[in-house]
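**Student:** Below: one structure in structure tokens.
Read-outs throughout are calculated quantities, based only on the coordinates presented, and are distinct from any laboratory measurement. This one's a predicted model, so the numbers in the text were calculated from it and none came from an experiment. Note: ideal-geometry Cβ built from the backbone for every residue, glycine included; neighbour counts use all protein chains shown.
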Amino acid sequence: MERTFLMVKPDGVQRNLIGEIVGRFENKGFQLVGAKLMQITPELAGEHYGEHKERPFFGELVDFITSGPVFAMVWEGENVIATSRLLVGATNPKESAPGTIRGDFAVTVGKNIIHGSDSADSAVREIGLFFKEEELVSYSKDANNWVN
Ligand code: RTP
Ligand code: MG
């Protein structure tokens, strides 16, 4: 089953949006297979956003993403990589549609609430950067009768 990496950025944590955001992906029908609240180091930020190293906003991006805790998550489901990017919305909140996370909660591009992997390769790379294999849980909600 396809997996992606999603992360509530420091602005989303500060604004108490973790529950709202987790709820959106649960309601859509995706399954949470890993999650943790953590502080990103500058080294990890540089690796995670390595593709943007030469961009003028890179320094600001690293400062922002390391400015407070993030909520890192791995989600699983059919087409979860592309579909979660639709739920997240366009990078710049001035272009993200109402109904999307960025469209509903963000105003500026530098503080756009949430990160989502942009491809299958990025998803594998980012999941590997943030999670150990043993931190991810595979389970079925249908087949098991574990809530009595
Ligand atoms: P993300 O990686 O955070 O999920 O965002 P994204 O794919 O939608 O956008 P990306 O192009 O990967 O850019 C990464 C983050 O850099 C910040 N950014 N600032 N000042 C600017 O012009 C600018 N452009 C991008 C955004 O916070 C974006 O999420
Ligand atoms: Mg990106």
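**Student:** Using +1 on the beta carbon of Lys and Arg, -1 on that of Asp and Glu, and nothing else charged, what's the dipole of the range 57-125 about the Cα centre, debye to 20?
**Tutor:** It works out to roughly 140 debye.
**Student:** I would also like to ask the following. Would you work out which of ILE101, LEU44, PHE58 lies farthest towards the positive end of the dipole of the chain? Charges go on Cβ: Lys and Arg +1, Asp and Glu -1.
**Tutor:** Positive-most Cα among the choices belongs to ILE101.
**Student:** Less than 10 Å Cβ to Cβ from LEU87, Lys/Arg counted +1 and Asp/Glu -1: what total charge do the surrounding residues give?
**Tutor:** Value of the local net charge: +4.
**Student:** Would you report the distance distribution of C-alpha pairs in the chain as whole percents per 10 angstrom bin, up to the bin with the largest distance?
**Tutor:** Per 10 Å bin, starting at zero, the Cα-Cα P(r) for the chain comes out as 11, 41, 37, 9, 2, 0 percent.
**Student:** Follow-up question, since we're still on this one. Treating only the Cβ atoms of Lys and Arg (+1) and Asp and Glu (-1) as charged, compute the dipole magnitude of the chain about its Cα centre; round to the nearest 20 debye.
**Tutor:** 400
**Student:** Enumerate lysine pairs in the chain that are 8 or more residues apart or on different chains, then count those whose Cα atoms are under 17 Å apart.
**Tutor:** Total qualifying Lys-Lys pairs in the chain comes to 5.
**Student:** For the chain, what does the helix formula give at 222 nm: sum of -39500 (n - 2.57) over DSSP H segments with n ≥ 4, over the residue count, nearest 500 deg cm²/dmol?
**Tutor:** Working: 7 runs with 56 residues, N = 148.
Here the helix-only value at 222 nm equals -10000 deg cm²/dmol.
**Student:** Ok, one more. Mind listing the long-range amide H neighbours of ALA35? Cut-off is under 5 Å, sequence gap 5 or more, other chains count too, H placed in the peptide plane at 1.01 Å from N.
**Tutor:** Amide H neighbours of ALA35, under 5 Å, 5+ apart: VAL74.
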